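A.B. asks: Please find one structure pasted underneath; my questions will follow.
The values are calculated or read from the model by the stated rules, or taken from the named source; none is laboratory data. Everything numeric here is computed off the predicted structure, so don't read it as measured data. Here the Cβ positions follow ideal geometry from the backbone for every residue, glycine too, while neighbour counts run over all protein chains shown.
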Amino acid sequence: YKRVTTKSLIEMKANGEKISMLTAYDYTMAKIVDTAGIDVILVGDSASNVMAGHETTLPITLDQMIYHASSVVRATQRALVVVDLPFGSYQSDPKEALRSSIRIMKESGGHAVKMEGGSEIKDSIKKILHAGIPVMGHLGLTPQSIYKFGTYTVRAKENAEAEKLIEDAKMLERIGCFAVVLEKIPAQLAQKVAESISIPVIGIGAGGGVDGQVLVIHDMLGMNNEFNPRFLRRYMNLFEGMTTAISQYVTDVKSKDFPNETEQY
Ligand code: KIV
Ligand code: NA
C-alpha cells in the first residue's frame, strides 16, 4: 500500500476527491478500518466516551491516548493516523503543547496531531508546526469545551460565532495546518469555509459541502444504541447483532450444546 499523507489529502481536495475518515482506538478495529480502505484514521479523544465510558472527553490522559494510538499505528499500512491531543495536554502554553505532541509522535508513531480551537491556541499550533509535526485543526462544537458551551447543540448559528469560525479556519490554513475538522455547524457555513480555504475541511454534522467526512466508528457500526444525532448514519446494527450472538453463546454453554464433539481435542 502507498501511505496516505498530509500532502495527498491536500491533493485530494484540489482534485475534488472526498476524504473518508473514521475513528479507531485499538489494533483489531484499526486493522479492519485500514483494510477497508479508509483515508484517515483518527485516534480521537472520543475514546474517553466509547472506550472508557466517561461522560465527556475531558478525563482521558496523554498516556492513555498514546496507548490507543500506538495500538492503531501497529495495525495500519495505508491510512494516515491522526491523534487527538487530549484536554489539559496543550492549553497551558506552547511549550507544553509541543512537549505533548512530541510524546505522541515518538511514543505512538502517529503521523499528525489534532487540537481543538482557533485564535486561542494559535501560538501553540505554530510551535508544533515549526517542529515538523503536522497539525489538523478542529472548530465548531469542540467537545473539550463542553462546560463552556453547556450544550451539545449546533454551534455558530449566530453571526459573531460564525465570523470567528471563518477567521479561525483561514488562520489555521495560513499558519500551515494540513486540514481542519468542523463539528456540528450549519451546512451552509461549513461549505463557505471549505470554499474559502485550500486545505481539506472534514465535517461531522457539517453537511455535504465540505471535503470529507468523519464519524466515530462505534456510532456508524451501531454498537451504541443511545446516541442518535441527526448527522449519524448507521451502517450496521452491531449492538443487536452482537447481543444476539452472545446470548446464543450463553444458551449453548448452559445447554451443553457448546462445545460439541468436533470442537474439542
Ligand atoms: O474524538 C473524536 O472522535 C473527534 C471526531 C468526532 C472529529 O474529534
Ligand atoms: Na476529539
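A.B. asks: Confirm whether TYR152 is touching a Ser or Thr at 6+ places or on another chain (Cβ under 6 Å) and part of a loop (DSSP other than H, G, I, E, B). Reasoning before the result, please.
C.D. replies: Values: touching a Ser or Thr at 6+ places or on another chain (Cβ under 6 Å): no; part of a loop (DSSP other than H, G, I, E, B): yes.
Criteria not met by TYR152.
A.B. asks: Does ASP34 satisfy the criteria of being touching a Lys or Arg at 6+ places or on another chain (Cβ under 7 Å) and under 19 Å from VAL214 (Cα atoms)? It would help to see each step written out before you state the result.
C.D. replies: Working: touching a Lys or Arg at 6+ places or on another chain (Cβ under 7 Å): yes; under 19 Å from VAL214 (Cα atoms): yes.
Yes: the conditions hold for ASP34.
A.B. asks: Look at region 202-220 and say how many of its residues are hydrophobic (A, V, I, L, M, F, W, C), more than 22 Å from MET29 (Cα to Cα) and either within 16 Å of ligand 2 (Cβ to nearest atom) or surrounded by fewer than 20 Cβ atoms within 10 Å (Cβ to Cβ) (or both). Give the derivation first.
C.D. replies: From region 202-220, those hydrophobic (A, V, I, L, M, F, W, C) are 202, 204, 206, 210, 214-217, 220; that's our starting set.
If we keep only those that are more than 22 Å from MET29 (Cα to Cα) as well, we get 206, 210.
Retained after the next criterion (residues that are either within 16 Å of ligand 2 (Cβ to nearest atom) or surrounded by fewer than 20 Cβ atoms within 10 Å (Cβ to Cβ) (or both)): 206.
Qualifying residue count, region 202-220: 1.
A.B. asks: Filter region 49-69 down to the residues that are hydroxyl-bearing (Ser, Thr, Tyr) and part of a loop (DSSP other than H, G, I, E, B), then identify the one that is nearest to ligand 1 (Cβ to nearest atom).
C.D. replies: Looking only at region 49-69, we keep the residues that are hydroxyl-bearing (Ser, Thr, Tyr), and these are 56-57, 61, 67.
From what's left, part of a loop (DSSP other than H, G, I, E, B): 56-57, 61.
Values: THR56: 11, THR57: 6, THR61: 15 Å.
Only one residue fits best here, namely THR57.
A.B. asks: Here are some conditions: (1) outside any helix (DSSP H, G or I); (2) touching a residue at least 24 places away in the same chain (Cβ under 8 Å); (3) away from ligand 2 (no atom under 14 Å from the Cβ); (4) among the β-branched types (Val, Ile, Thr). VAL113 meets all but one. Which one does it not meet?
C.D. replies: Tallying (1) outside any helix (DSSP H, G or I); (2) touching a residue at least 24 places away in the same chain (Cβ under 8 Å); (3) away from ligand 2 (no atom under 14 Å from the Cβ); (4) among the β-branched types (Val, Ile, Thr), VAL113 fails exactly one: (3).
A.B. asks: Sticking with this structure for a sec: Please enumerate the residues belonging to region 92-110 that are away from ligand 1 (no atom under 16 Å from the Cβ) and either part of a loop (DSSP other than H, G, I, E, B) or modelled with pLDDT under 95 (or both).
C.D. replies: Within region 92-110, SER92, ASP93, GLY109 qualify.
A.B. asks: Report whether or not MET29 is buried (at least 18 other Cβ atoms within 10 Å of the Cβ), out of contact with any strand residue (DSSP E or B) (no Cβ under 6 Å at 6 or more places or on another chain), touching a residue at least 24 places away in the same chain (Cβ under 8 Å) and under 15 Å from ASP219 (Cα atoms). Step through it out loud before you land on a result.
C.D. replies: Working: buried (at least 18 other Cβ atoms within 10 Å of the Cβ): yes; out of contact with any strand residue (DSSP E or B) (no Cβ under 6 Å at 6 or more places or on another chain): yes; touching a residue at least 24 places away in the same chain (Cβ under 8 Å): yes; under 15 Å from ASP219 (Cα atoms): yes.
Yes: the conditions hold for MET29.
A.B. asks: So, in region 32-48, exactly how many residues are within 14 Å of ligand 1 (Cβ to nearest atom) and free of Cβ contacts under 8 Å to residues at least 12 places away in the same chain?
C.D. replies: 0
A.B. asks: Does at least one position in region 221-237 carry a residue that is closer than 18 Å to LEU80 by Cβ, surrounded by 20 or more Cβ atoms within 10 Å (Cβ to Cβ) and not acidic (Asp, Glu)? Steps first, please.
C.D. replies: Step one: filter region 221-237 for residues closer than 18 Å to LEU80 by Cβ, giving none.
Within region 221-237, not a single residue is closer than 18 Å to LEU80 by Cβ, surrounded by 20 or more Cβ atoms within 10 Å (Cβ to Cβ) and not acidic (Asp, Glu).
A.B. asks: Which pairs turn up if I take residues in region 241-265 that are modelled with pLDDT of 95 or more and look for partners that are in a loop (DSSP other than H, G, I, E, B) with beta carbon separation below 6 Å, at least 6 apart in sequence or on another chain?
C.D. replies: Close Cβ pairs satisfying both conditions: ASP252/PHE258.
A.B. asks: Suppose we filter region 116-144 for residues that are within 12 Å of ligand 1 (Cβ to nearest atom) and assigned to a helix (DSSP H, G or I); how many remain?
C.D. replies: Pass one, region 116-144, residues within 12 Å of ligand 1 (Cβ to nearest atom): 116, 136-144.
Next, from what is left, pick out any that are assigned to a helix (DSSP H, G or I): 143-144.
Residues that pass the stated criteria total 2.
A.B. asks: Let me ask you something else. Which one of these does TYR152 not meet: (1) crowded, with 19+ Cβ neighbours inside 10 Å; (2) within 15 Å of ligand 2 (Cβ to nearest atom)?
C.D. replies: Unmet for TYR152, out of (1) crowded, with 19+ Cβ neighbours inside 10 Å; (2) within 15 Å of ligand 2 (Cβ to nearest atom): (1).
A.B. asks: Now for a different question. Can you tell me how many residues within region 70-91 are small (Gly, Ala, Ser) and in a loop (DSSP other than H, G, I, E, B)? Lay out the reasoning, then the answer.
C.D. replies: In the first step, residues of region 70-91 are kept if they are small (Gly, Ala, Ser); the result is 70-71, 75, 79, 88-89.
Remaining after also requiring in a loop (DSSP other than H, G, I, E, B): 79, 88-89.
Matching residues across region 70-91 total 3.
A.B. asks: Select, from MET136, MET171, the only residue that is among the aliphatic types (A, V, I, L, M) and within 16 Å of ligand 2 (Cβ to nearest atom).
C.D. replies: On the way: MET171 fails: within 16 Å of ligand 2 (Cβ to nearest atom).
So the residue among MET136, MET171 that is among the aliphatic types (A, V, I, L, M) and within 16 Å of ligand 2 (Cβ to nearest atom) is MET136.
A.B. asks: Among the residues of region 144-171, how many are closer than 17 Å to GLN191 by Cβ, of a type outside the set (Asp, Glu) and in contact with a strand residue (DSSP E or B) (Cβ under 9 Å, 6 or more places away or on another chain)?
C.D. replies: So the answer is 5.
A.B. asks: Name the one entry in ASP39, ASP84 that is within 13 Å of ligand 2 (Cβ to nearest atom), crowded, with 17+ Cβ neighbours inside 10 Å, acidic (Asp, Glu) and modelled with pLDDT of 95 or more. Show your work before the answer.
C.D. replies: On the way: ASP39 fails: within 13 Å of ligand 2 (Cβ to nearest atom).
Just one listed residue meets the conditions, ASP84.
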